[in-house]
Structure formats: structure tokens, C-alpha cells
Amino acid sequence: MSILVSIIFIPIIGALILFFVPNWKTQLIKNIALNVSCLNFLMSLLLWIYFDHSTAKFQFSQTIYSESLSFTIAIDGISLFFIILTTFLVPVCILVGWKTISNYVKEYCIAFLILETLMIAVFCMLDLLLFYVFFESVLIPMFIIIGVWGSRERKIRAAYQFFIYTLFGSIIMLLGILIIYLQTGTTDYQILYTTEFSEKRQIIIWATFFASFAVKVPMIPVHIWLPEAHVEAPTAGSVILAGILLKLGTYGFLRFSIPLFPYASMYFTPLLYTMSIIAIIYTSFTTIRQVDLKKIIAYSSVAHMNIVIIGLFSMNSIGIEGSIMLMLSHGIVSPALFLCVGVLYDRYKTRLCRYYGGCVHTMPIFCILFCLFTMANIALPLTANFVGELLVFQGVFCNNTLVAFLSATSMICSGGYSLLAYGRVAYGSCKPYYIRSFSDLSRREFFMFIPFVVVTLWLGVTPQCFLDAMHCSVANILNI
Amino acid sequence: MVQPFPDDFKPVLETDFQIFLFENHFKTVFPEIFCLFASVLLLIYGVLYARIHQANADTLRRKMKIFPPIMVNHVSLLVILAFLLTLILMFNNPIMHATIFYNTLVCDDLIFFCKILIICSALLSVCISLDYVRKQALNAFEYIILLLLATCSMLFLISSADMISMYLAIELQSLCFYVLAAFKRNSEFSTEAGLKYFVLGAFSSGVLLFGCSLIYGFTGITNFSELTKIFSCTGENQHFTGALIGMIFVAVGFLFKITAVPFHTWAPDVYEGSPTSVTAFFAITPKIAILGLFVRLFESSFYDLNTEAAFSLQLGTTQGVSTTFNKLLSMEFTSTLPWQKIFLFCSIASMIVGALGAMNQKKIKRLLAYSSIGHVGYFLIGLCCGTVEGIQALLINLIIYLVMTINIFAIILSPVRRDFVHSVQRIKYISDLSVLFKTNPILAITLAVNFFSMAGLPPLAGFWGKYYLLFSAFSCELYLVAIVGGLATVLSCVYYIRLVHISYFEKIQNRLIFERVPKINGWILAITFFFILFLFVSPGATRRSTSITRSLLQRIEIRDHITDRHA
């Protein structure tokens, strides 16, 4: 059995095992879930080890033929890292709920393991319809995660918004898929890749796909669900949302919209540039005003993801590789920041800035880590985001200098809001309310953060080993 | 015309004995005959033995203060047996394709498929309501026999090939239904439901009969296949205006019975009022029968009944509508056949009304009534495509709908104890679901998966049904209905996930305790749950099973051939 198939099935098997463990053995349940997800992470590293950098072909491919359903699962240099990112984040999600999740522990673990399988399946599916199926089915566990383990009463509203917004976009995408299927008679990606669509049809289908992906990214008019969902979700839910689910939209653009409909992509590029720049500037300014720590990170995610969009539609390999790097680094840094907020929330049960202050006196280790990730969020050199943003700006500069200039304002703005948030939490006078109940990071939390620190610096210092793997695939997407 | 035996069939008796004139005809309808006889015999059995049991019951009641149900158990089990035997007989029927009794009944693959579906749905709905009937003190064995009789009449309905036999069958079915709806005699809701159903049902039957007589008056024909021939052979300037009106009346009569908007108003009341076991039966079985009949009536008999002058809905001329939408509308409504227009309108209206109406319901049965109205809208998409893919999608949807509805009713029919109420109750309000996740997580996950499936979320079964439907709508250029279908999915999602939200996220509002789910309900729940969850492993399975629409394809080809020859 190929590695890829086992990566898909290991979490499901884990969930099945958990299903038969009695409810009250919570420690055993957590251990099993953690071990299974760690095992899956190691397996996914094997993918990288055996990955052939020198070809744009889909690797580890496994085709399933049956009379009713035949599809291929395979990865290329683009989806490789998203799969590793997924398997990297899921153990963290289980670890972060180790102490805080006290009810429905079994359901929590099962939900995350199933979510892992679905997300990996999205990234390695080479069939448009099944991509859609898994893209959508991620909603179900996520809806339940937000609704059951969310923190406040408002979580219901957030879960609803998340669900309805995404579903609305996706149904329109389904209509687009049906149009494709009517023309070609297949939804196999590799066949579609060689198919020519007429220009008018490209525009229609592209627009339907855009409706779905834009909600997921999220682009500006439909980004309302994101801050809500982030704020109300449990920490682990935020980690998955920021780390993986936002990437589904940009991954969809990269995998389907750009290579399948090149004409329409060119046609819509000005629209996307405009929307993204509005989003970047608008959300950056919105972020500065926020008082909820999670909302700050959520809005900054919107800004970063829109930089990713600009990079993707710069239509050259530098920009696209930059946006993949930015997706990866955002997938590391943003979850890490959510973990930081989660750590604070676990101790003080509030996320509002004004209750915090002077944490650097009481929680020095935490503040060092928080500072590191804040700097990474600003895209300081030697951190992960810097590489991605630099490449994106460079790529888009070849294309449109004005857009490059305007999108680069995000670096300044992100400096503004990130430092502001960090300063409010870490510096200033110690707030007297909770001074008796402080504690620095526990050992579990510390070990939870270490991988993030390592990966953030690794991505920032030697990005070449990531970029090497994706050169061929990106060139293939651009038909160079 | 009776087809000869298939090749592998050898007659058992080879002596020279007189062949009875209608022998093969009787063989063809043997399962139905068995079903009919079983219902009559069971009735006799019940009537004879009820007295004896009555006497026993009286003594029990007097001496031991026990109130035993009378005869219901026996007869229910016997009815289940009868259903199973009918299924077996049907599968082993030597004659699968025939037109019998002077073109009154017909038998082919499509009809066979629908019959199997009908019997399965009736069987399952009896199985899941065994416990309900026992505990709810519906102390009358007639209930279950009426179900059997109604099923039997639906078998006849679906295989009828003539207006007269069709009308007779649907009347028998409706009569059974009126009684069933009003069966809980000590509940005013049930009586009200029965009365409403009776008045409106009788009205719709009248409309139906009027339509049939108009068609007969203008064409002189009551037979479906003859109608096909006469309509397909008309020239350009020959218009059957009277027959067209007749067809509209027939369609309206039937749309009443399957609760399509705008003829749906009785449905929520009747669904709510009738005993829950009957609601489960109402929600599925008649829809299968009538949609199966629709396929034959409209896809073949009235297919070519086309008069542009008499009846064309020019909706596209409304001012103030943007031009693209205008074009879409006019394309949708002018390029289609008259019968398609009716169903297009009903389909769109049903989907929207079903979704909007269910949003603010507080009782679960009313909500399910609206949800089934919405589903009928989706079925009608498949019907108004007028293509083989459409019919296939319709049949796939019927299977999936059957499974999902049985699943949800198996949960609703499982017993519950309510605070301050002595007797065993059932889930009644949707706020009752709030205890589900806390007390019975397995039921909760089943329910959630089912609702997600009904909402059409991938990868669950409901999605595949909708996918095939939308695909067939797209392939015959019914873009408007496909888009509305897609958007109605989002709308309906709002109330389906509201149910999930109530069962998962809300604090307990009503203090209920779930009793043990009856064993047979448990098994059925398990099977249907796995079907819903794992259909995506092989979504084509349903597609293969409905490949019997090929036979219909042949019929359409024959019709086209006739049309070509005469054109």
C-alpha cells in the first residue's frame, strides 16, 4: 500500500479504535489520538523524503477503478507541503485540548481525526467532483467543533455563519462542476488539464469557482464569517481554521482556477487585485481597532491571505512560489499565535486586551515565544513570513508596480497592529486583577510551541529546501 | 399482449391440460393478488379472533388491571410476513414484461422497480412502528390491515395502464389513507387530520376524474399507450385543447396527492395530526407510487401533447427584471413542453416553499412535512427533465429519500418518557431533541448525519441524489430549476442545521428520558445510517440499480420512431 493511502487511512483507523474505547478513559483516549496523529505526521514526512523534486508529475499516485467511481489520488510539489502542514497541526490540536477540554473528550478526538482525513483527502484528490465532496465535508466536523467546544453563547451564530457562507459559495461551485462535466464527460483533473474551454465558458465556470474559493479565502465582502468563527471556536478549532481551512480556498485557486481556466484567470486578475488590495488595507486598519486578541489574529489572517491571492495572480513562478511559501508560513505562524491566545485564555478566561498588561513580568517564557511569533507575523527577516511576502511582492512587481506598492503597505500595517497587540499584552504595568493566579508555560505547552519555533525559523532561514520541491510543479501549472 | 416465457423458464406441468384463458395474466399479477387476499384473510382472522381475545382482555383487565393490546401484535407480524412473501413472489415472478387484462395493467422493469420500492417502504414503516402501535394503545388490528390494503392498491396504481384502472386504484388507496389519518380516534388532531385529508382528497379525486373524463371526451381513449400513439401522431396544426386541459386536471389531481406546492396546504396538518406511524407511511409510499405513475403518464403518454397556442406561460415579459434573467426565464418556459411547464413551476415553488415553510416550525412532524414538500420539489426536477437521466435521478432520489425518511422516523418513533406524564411518549417538539446528545449520543450522531444528508452535504447520500438531479437538469438545459435547486439547498440547510444545533449545542429544555430503542428500530437505524454514510464509497450502485430505465428508453425510441414516420 502506498504511503499516501496509509496517510489518509491512519486517522480514520484511529477514530475507529477510539470509537470502541469507553468514554470515561479520557487519558487513554487522548494518548491514542495523540499517538495516531503523531504517527501520521511521521508517515507524511516519509512522503517528503521519497518525493522526487525533479519532476512535475504527480507522485505516489494511486488510482482506484471501479465501475461506478474511479479516481486518482496523488501529490505534487504543491500539495506535498499542505499535507505535511495538516499532519503537523493535528497533534497540536489534540495537545492543546489536553487539559482544557473536559467534556466529550472522545468526540473531540474523533472529530479531529476525521477532520484530518478529510483535509488530507482534499489536498491529494485529483478528481474535481471528489475534491468538491471533501472540500464540503470538512464543514460537518468543523461545524460541530465550533458549536460544541466553542467558548461563548455566540458560538452558535458563528457556527451558522461559517456553515451558511461556505455552503452558499460551494453550491454555486457545484453548478460550475456540472457545466465542466457536461462538456468533458469527466471530472478527472489530469484530463481536464488538457481540455480547452471556450473563453465565455471559462469565465462562467471561473466565476462559479470563485464564489466558493473566495468565501474560503476569505475575500472582502464575504469575510464576515471568519472573525466570528475564529473568536468563537475553541483554540484547536482556530488552529485548524487558520492553518488549513483558509488554505483550501487558495489551494483551489492554484490547483483548479489558474491552470484550468488561464484565460479567465487573466480576465479576472484586475478584479482580484482590486478586491485583495481593498481587503489588505481595510482589514489591516480594522485590525488596529480590535480589542479581542483572537479577532486581531483573525483579521490579520484575512490580510495575509489576500496577499497570497495577489501572489497567485501575479502569474509568474516567483509570485506563485512566494504565495505558497506565505501560505505555509501563515499556516505555521497564525496557529502559533492562536495557541498563544489560547494559553492566555486558559489562565485568565478573557481575550480582551484591556485586562492584560505586564505579562512579561509574570510569564517571561511565554512572552519570548509570543514576541517571536508576533515578529514572524510582521514578516521580519529570518522568520517564515518574510520569505513568502518578499517573493510575492517581487513577483507582483514584475506585473504591476502599483499593486506591489499598495500591497506592501500591509507590512507597515501589520507592524502596527501586531506590535500594538503585543505591547498591550506583554508590557505596561501589571494588571492587579489576576496577579495571584499567574503561571508561566507548563511543560506540555512549551513542547507544543517548540515545533512551531523551529519551523518558523527554518522556513525563514533556509527556505530553499521547501522551494526546491515546488519549482517543477509551479512551472507546470504556469505551462512554462 | 403476453410475452412468451423467458428462455430459462420451463413449465412444470407438461401434460395436456386446458390452459385457462387468463392464466398468464394471473401469473403476472400473482403477487398483487396474494397481497389482496392476504389483507382480506387477515381481516377475517382478526374479526374472528378479536372477540376471543376481547374476552380474555376483559378478564385480564378486570382481574389484573392489565391492558393488553388486542390482536395488534399478531396481525402486525402476519402483515410483515405477507409483505415479505409478496416481495419473494415478485422477485420470482416468471413474467416480467407484459400487458395484461385487455390493456388494463402493464408490467415492465420500471414498474417492477417501483413496486419493490413501495413494498420495501411499507414493510420498513410497519417494522419501525411496531413498538409505537403497541404502546400507543392503537388497539385495533384494522390499522395494519389497512396499510396492507393501501400498499396493495398502490401496486395496482403503479401498474395500471388505463385511466379507469388508475382511478380505481388511487381511490382505493385514498380511502385507506383517509381512515388511516383519522385512526387515533381519541385525539382531536387525528380526527381533524382525517377530515381535512378526506375533504381535500375527495376534491382532488374529483379533479382527477374530471381530467380523465375530459381526455376521454376529446380523444375517445382511456388507454395510456393508445394516448401515446394518438398524441405523437398529430400533425402541426391539430391541437388537442380539451385533452390538454384534461391533462392539466390530471396533473393537478396527482400533485395534490404528492403535496407539491401550490397544492400542499393540507400536508402539514395531516402529517402532524395522524399517528406518527401513519405519517411515516404517508411521507414515503404514496410519493413513490405516484411519481412512478407520473413517469409513465407524462414521459410517454402526454409527452407529445403540445399546443403552443393554447397554453404558453410567457413569464419572461415582466418588466424590471434584468435581461439575463429574463432570457433564462423565457428559455425555461417557452422551449419546454406543456406538461414540463406545470412541473417546472411546481418544482421551483415546492423547493422554495418547503425550505421557507420549515424554518419556523416547532413541531417535528410539521417540519418533516415541509421537508418532504421540498423533497417533492427535487423529485419533480427529475421528472420534468423528460430524459432518461432525469428519470434515473428521480429513482435514485426516491431510494435515498426512502432510506433517510425511514431513518428519521425510526428515531421519532422510539419511546421517550416525559416529565410529569405517566405514559410513554414520542418526540414531538423539535426542542425535545436537545436532550439527545447528552443522553443518547449514538442516536444524536445518527440524527445529525441524517439531517446533514437531507440538507445535501457531501459525502452523504443526500448529496449524491441532488448531484444526479442537478446534473440531469443541466444536461437538458433547465438552468433555472437547477440554480433554484442549488440555492434551495442552502435555504433548507438553515433549518436542518438548526435541528443539529438543537440536538448538539443547546441546553436541555424539555426533560425527557429516552427509553431503550426497540430492537427492530435499532437494526433499521443501523442499516440506514450506514447506507447514508457510506454511499459515497460507491455512488454508482444506485445508478446501476436504476439502470432499468433503459426499458423506458426503448419506449421513448419507439415513440420517436412513430413520430418520425408520421412527420
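The values are calculated or read from the model by the stated rules, or taken from the named source; none is laboratory data. As the structure is a prediction and not an experimental result, all values here were calculated from the model. All Cβ positions, glycine included, derive from the backbone under ideal geometry; neighbour counts span all protein chains shown. Only protein heavy atoms, including side chains, enter the accessible area calculation; ligands, DNA and RNA are left aside. Shrake-Rupley method; radii C 1.70, N 1.55, O 1.52, S 1.80 Å.
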Count - residues of the stretch A:288-327 that are in contact with a Gly (Cβ under 8 Å, 6 or more places away or on another chain) and closer than 25 Å to A:TYR356 by Cα: 1
Counted residues, the stretch B:80-108 - those being hydrophobic (A, V, I, L, M, F, W, C) and either at pLDDT below 85 or crowded, with 16+ Cβ neighbours inside 10 Å (or both): 13
Number of the exception - B:THR241 against (1) under 16 Å from B:LEU180 (Cα atoms); (2) open to solvent by 10 Å² or more (accessible area, probe 1.4 Å): (1)
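What are the residues in the stretch B:218-243 that are assigned to a helix (DSSP H, G or I), of a type outside the set (A, V, I, L, M, F, W, C) and closer than 23 Å to B:LEU105 by Cα, if any?
Hits for the stretch B:218-243 are B:THR219, B:SER225, B:GLU226, B:THR228, B:LYS229, B:SER232.
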Leading residue by the ranking (nearest to the chain's Cα centre (by Cα)) among those in the stretch B:452-469 that are at the interface with another protein chain (Cβ under 9 Å from one of its Cβ atoms), open to solvent by 10 Å² or more (accessible area, probe 1.4 Å) and within 13 Å of B:ALA393 (Cα to Cα): B:LYS466
Odd one out for B:ALA181, checked against (1) over 30 Å from B:LEU87 (Cβ atoms); (2) of a type outside the set (D, E, K, R); (3) within 20 Å of the chain's Cα centre (by Cα); (4) crowded, with 18+ Cβ neighbours inside 10 Å: (1)
Residues being without any contact (Cβ under 8 Å) to a residue 60 or more places away in the chain and open to solvent by 30 Å² or more (accessible area, probe 1.4 Å) - total across the stretch A:377-392: 1
Residue in the stretch B:210-217 that is of a type in the set (A, V, I, L, M), surrounded by 17 or more Cβ atoms within 10 Å (Cβ to Cβ) and over 28 Å from B:ILE111 (Cβ atoms) present: no
Residue in the stretch B:59-66 that is modelled with pLDDT under 90, surrounded by fewer than 19 Cβ atoms within 10 Å (Cβ to Cβ) and assigned to a loop (DSSP other than H, G, I, E, B) present: yes
The stretch B:116-141 - residue that is surrounded by fewer than 21 Cβ atoms within 10 Å (Cβ to Cβ) and under 16 Å from B:VAL179 (Cβ atoms) and, of those, modelled with the highest pLDDT: B:ALA140
Members of the stretch A:344-374 found to be at pLDDT 90 or above and either charged (D, E, K, R) or within 25 Å of A:ILE101 (Cβ to Cβ) (or both), listed by number: A:ILE365, A:PHE366, A:LEU369, A:PHE370, A:PHE373
Hey, A:LEU69 within 14 Å of chain B (Cβ to nearest Cβ), more than 20 Å from A:GLY237 (Cβ to Cβ) and buried (at least 16 other Cβ atoms within 10 Å of the Cβ) or not: yes
Residue within the stretch A:343-354 that is in contact (Cβ under 8 Å) with a residue 24 or more places away in the chain, assigned to a helix (DSSP H, G or I), surrounded by fewer than 21 Cβ atoms within 10 Å (Cβ to Cβ) and within 20 Å of the chain's Cα centre (by Cα) present: no
Wholly within the stretch B:318-398, helices (runs of 4 or more DSSP H) carrying at least 2 residues that are at pLDDT below 85: B:323-334, B:338-357
From the options B:LEU457, B:LEU469, B:LEU487, B:LEU433, residue that is touching a residue at least 24 places away in the same chain (Cβ under 8 Å), part of a helix (DSSP H, G or I) and closer than 22 Å to B:MET359 by Cβ: B:LEU433
Enumeration of residues in the stretch A:177-231 that are basic (Lys, Arg) and farther than 30 Å from A:CYS340 by Cα: A:LYS200, A:ARG201
Selection count, the stretch A:90-124, where residues are open to solvent by 10 Å² or more (accessible area, probe 1.4 Å) and touching a strand residue (DSSP E or B) at 6+ places or on another chain (Cβ under 8 Å): 0
Qualifying positions in the stretch B:479-506 - open to solvent by 20 Å² or more (accessible area, probe 1.4 Å) and more than 10 Å from chain A (Cβ to nearest Cβ): B:VAL484
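How many of the residues making up the stretch B:496-521 are aromatic (Phe, Trp, Tyr) and modelled with pLDDT of 90 or more?
Start the filter on the stretch B:496-521 by keeping residues that are aromatic (Phe, Trp, Tyr), which leaves B:496, B:504-505, B:514.
Applying the additional criterion that residues be modelled with pLDDT of 90 or more yields B:496.
Residues in the stretch B:496-521 being aromatic (Phe, Trp, Tyr) and modelled with pLDDT of 90 or more: 1 in total.
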Residue match in the stretch A:298-319 (condition: over 25 Å from A:GLN394 (Cβ atoms) and open to solvent by 10 Å² or more (accessible area, probe 1.4 Å)): yes
